[in-house]
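The values are calculated or read from the model by the stated rules, or taken from the named source; none is laboratory data. Since the structure is predicted, the reported quantities are computational estimates derived from the model, not experimental observations. Here the Cβ is made from the backbone with ideal geometry for all residues, glycine too, and neighbour counts use every protein chain on show. What goes into the accessible areas is simple: the full protein's heavy atoms, side chains included, and nothing from ligands, DNA or RNA. Shrake-Rupley method; radii C 1.70, N 1.55, O 1.52, S 1.80 Å.
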Amino acid sequence: MTVRLRPATATEWDVLLRGSPADYALAQTFDFGRAIASAYPGYTFEPRLGEFEDGNIVLWPLVRLHGRLGFLRRFEAMPLSLNGFPIAARGELTSRHLSALISALRADSLELNSGALDNAPTDFPTGSWEVRKAATHVLDLRGGWGAVWEKRFSNKVRNQCRMAWKKGVTVRVAGGAADFQSYYQIYCDSTRRWGYT
């Protein structure tokens, strides 16, 4: 299977994404990719559009990593374990399409993350790569707080909540710029703990 893989512009990305029947995550939008690249100096947003011989069109949000070995072509889709899986804008994304995309990118390294949305092919293509399983946490809120507390939280999670309450931790809906700044500071502290600069 052959594919023409080329850089995507913001306009064509937005038009194709809006017209796509596939579900997509915020991390797969063009604006989010630009925001990630501006927040992390070691990244450049380099989205690709894949045009297949069978008429399928795929959008692939990619960031390029820059480091000491600048000649290496290192990519993540997307960083921070965000969903960067290719999106079928026209047609269907199969494991054969995904294999052709990976080969056409000719990356020295690639980390490809899917997310809570299950838009990945059912059979990941074979190749000279490693597949790692990771988890995305989705909390079902149906039934209200009582159902969540009793049926969906483990004993360990309930104990962690009790410890947080004793320490004065509260949860509320954000309502302004100060809340955004607080969240951003907490997120920056977390990313440093996770090993990001």
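Okay, here's what the table says:
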read-out: Pairs, first touching a residue at least 24 places away in the same chain (Cβ under 8 Å) in segment 20-45, second of a type in the set (Lys, Arg), C-beta under 8 Å, six or more apart; value: Ser20/Arg90; Tyr43/Arg64
read-out: Selected residue (only one of Ala88, Ala100, Ala107 is open to solvent by less than 60 Å² (accessible area, probe 1.4 Å), more than 21 Å from Leu26 (Cβ to Cβ) and touching a residue at least 40 places away in the same chain (Cβ under 8 Å)); value: Ala100
read-out: Test: residue in segment 180-197 that is assigned to a helix (DSSP H, G or I) and over 23 Å from Pro79 (Cα atoms); value: no
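Per-residue answers, yes or no, for (1) among the charged types (D, E, K, R); (2) more than 25 Å from Met1 (Cα to Cα); (3) in contact with a Lys or Arg (Cβ under 9 Å, 6 or more places away or on another chain); (4) part of a strand (DSSP E or B):
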residue: Leu16; (1), (2), (3), (4): no, no, yes, no
residue: Asp23; (1), (2), (3), (4): yes, no, no, no
residue: Ala27; (1), (2), (3), (4): no, yes, no, no
residue: Arg68; (1), (2), (3), (4): yes, yes, no, no
